[in-house]
Amino acid sequence: MREIGTVGVIGLGTMGAGIVEVFARGGLRVVGVETTQELADRGRAILQASTDRAVKKGRLDEDGQAEILGRVTITTRMADLADADLVVEAVPEILDLKHRVFGQLDDIVGEDAVLASNTSSLSITSIAAGTRHPARVVGMHFFNPAPVLKLVEVITTLRTDEDVTAAVVALAGRIGKKPVVVGDRAGFVANYLLFGYFVSALKMLEQGHVSREDLDTAMRVGAGLPMGPCTLMDLVGLDVCHHIGEVIYAHSRSPMHAPSTLLERMVTAGLLGRKSGRGFYTYAAPGSGQVVEDEQTPSTAAATDLSAVGVVGTGELADELVSRLQDGGYAVTRVEDPADRAELARLADVGLVVEAQAPAPPPGEEELADAQAWVEATGEDLWEALGEVVGPGAVLTTVNPEAAVAVGALSGRPEQVAVLQVHAPTGNGQVVEIGRSSATDDATVALLREVVTRIGAEPVVCRDRSGMVVDALLVPHLNDAVRMLDEGYAGVADIDTALQHGLGYPTGPFAMIDQIGADEVLAVCEELSAGGTGLPADALRPSPLLLEHVLLDRPFTS
Ligand code: 3HC
């Protein structure tokens, strides 16, 4: 097999400089090439800053840093790549430019050298078609930040030599990366799945379903992802996102990838994310990751004088809420049997009622009686009675989803009604979603934000729609991974590796589905499909393969 000892990297922007660092840390000699001395100096500065940070954090000693930097030559002469066994280009995403670069390389490097592209949006096949030896061309797609994220997508074309692929895979393993080999398709694995999710997140923002902060909290804390979509798009660059999104849409033609007008407007207005100092958020300076306040930053609401809370219901969730509300300093009145109106009258002085009876169980035969009881107990009578019993300023909530409008209408106080969806904790904390109807007032929302914070969770406020934010974004994203598997583009292990190591997810999507339960994922998909979410219908339609796994009771991972 080909031995790779010296590598070249062309283009030393964020990605190129990161790739140089990855190779140098892996013990290879690296030649980094830029077009001007100024850009070459900027590339070296990125490398210096990244390794300085590792030294400061004690992850690297100064000798180690000197050794890494000593392996790197930075130059403005392409001819210095003559000895490279592999060259990775990370120049701007312009096909002509890539053809020019690879055309020059054809005259410089040896016949055996491998030519790789870090493109995230162009087809490797069309890049290879502009070279004299397409058999030695592959994609080698790194993820930002390249020194941290371990995924390398190795993209082959119909012409790529097996020997070339094997050498690149072996090299990626040698430098501590996780290679995944896939064919040449728009977005490859990770971006293709990421961008379906981005489009839905952008729709939510555009529709005013949720604020940027709450959207990010929902996905970081509620779904356990390393970053929310707004923070991540700002990191990647909104122009880059827009471009990749268009390429994926051109391939799929699916409304779930339809370019977002919000993103397009932001790019046209020069809001490109961290690099321009402003994207979804505003940053301390161009290139900085430090978010500063702007006109969209929510003001910190004044504390309310809520002290007494009523919890209606029995069951685990009701028990948990009672103890967490008590720990949060509230006086809690528990009503276990709401049908007993004398009991209900004990809620006369509370400022907030949380109806937390067990949600309607699935309508299996055995549970049918319970389901009926739940419907009766939480039906019109309860909400009308509560509306009459509690004081005029009190807020009414239910943990049973999509009920804000009905409860608002029945209780006669729609301004003071919302739905609470309590999510299981993730590695990043716990989210409680607060679903408001068009009538819910801001004071009610502020009060509920305060309560959620005091019970140790993070509030996410959105409209009361199927799946709120967390489920409406996460579940279709998981379903999309199943669809990719069904299309035969990549296998379970590769898709899991791609999202875990390319996007920093705590586990891959199939491991997540098995953890949540495929039946639960399917049920949410079906509910989203039937309910009005405002998201593209094809994003929500359950994959037939998901249904198969549920019916056959087969996990995706073993
Ligand atoms: N360069 C080098 N190292 C960096 C870094 C950078 N730019 N940013 C963070 N790090 C290191 C830190 O030094 C730290 O190292 P340590 O563990 O040795 O101390 C480690 O990464 C964790 O960093 P922080 O503690 O500062 O912050 P977080 O824990 O929040 O991690 C993150 C930051 C690694 C960026 C994490 O939030 C993450 O993985 N986010 C998801 C990013 C993602 O999805 N990237 C892919 C985007 S798509 C793409 O790139 C494809 C392209 O085609 C568009």
**Message:** Could you tell me how many of the residues in segment 283-314 are outside any strand (DSSP E or B) and surrounded by 14 or more Cβ atoms within 10 Å (Cβ to Cβ)?
**Reply:** 5
**Request:** Tell me, yes or no, whether segment 77-89 has at least one residue that is touching a residue at least 12 places away in the same chain (Cβ under 8 Å), within 16 Å of the ligand (Cβ to nearest atom), surrounded by 15 or more Cβ atoms within 10 Å (Cβ to Cβ) and among the acidic types (Asp, Glu).
**Result:** yes
**Asked** What residue, among those in segment 287-301 that are farther than 15 Å from Thr231 by Cα and touching a helix residue (DSSP H, G or I) at 6+ places or on another chain (Cβ under 8 Å), is modelled with the highest pLDDT?
**Response** Pro298
**Item:** Condition met for Leu97 (within 16 Å of the ligand (Cβ to nearest atom), at pLDDT 95 or above and either outside any loop (DSSP other than H, G, I, E, B) or closer than 21 Å to Val20 by Cα (or both))
**Value:** no
**Prompt:** So which of Gly58, Gly43 ends up being within 16 Å of the ligand (Cβ to nearest atom), among the small types (Gly, Ala, Ser) and part of a helix (DSSP H, G or I)?
**Reply:** Gly43
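Residues are listed down the side, and each one gets a yes or a no for (1) part of a loop (DSSP other than H, G, I, E, B); (2) under 30 Å from Val332 (Cβ atoms):
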residue	(1), (2)
Thr440	yes, yes
Val445	no, yes
Glu450	no, yes
Thr453	no, yes
Gly456	yes, yes
Met468	yes, yes
Ala472	no, no
Leu478	no, no
Arg483	no, no
**Asked** Has segment 141-152 got any residue that is away from the ligand (no atom under 15 Å from the Cβ) and buried (at least 17 other Cβ atoms within 10 Å of the Cβ)?
**Response** no
**Request:** Would you mind telling me which numbered condition in (1) buried (at least 23 other Cβ atoms within 10 Å of the Cβ); (2) farther than 25 Å from Ser254 by Cα Gly176 fails?
**Result:** (1)
**Fill in**
Counting only residues in segment 23-40 that are surrounded by fewer than 23 Cβ atoms within 10 Å (Cβ to Cβ) and within 16 Å of the ligand (Cβ to nearest atom), the one farthest from Thr165 (Cα to Cα) is identified as Arg25
**Prompt:** Taking the stated definitions as given, is Ala345 modelled with pLDDT of 90 or more, surrounded by 18 or more Cβ atoms within 10 Å (Cβ to Cβ) and either within 21 Å of Gly456 (Cα to Cα) or not basic (Lys, Arg) (or both)?
**Reply:** no
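The values are calculated or read from the model by the stated rules, or taken from the named source; none is laboratory data. Because the structure is a prediction, the values reported are computed rather than measured. For neighbour counting, all protein chains shown are included, and Cβ atoms are generated from backbone atoms with ideal geometry for every residue, glycine included.
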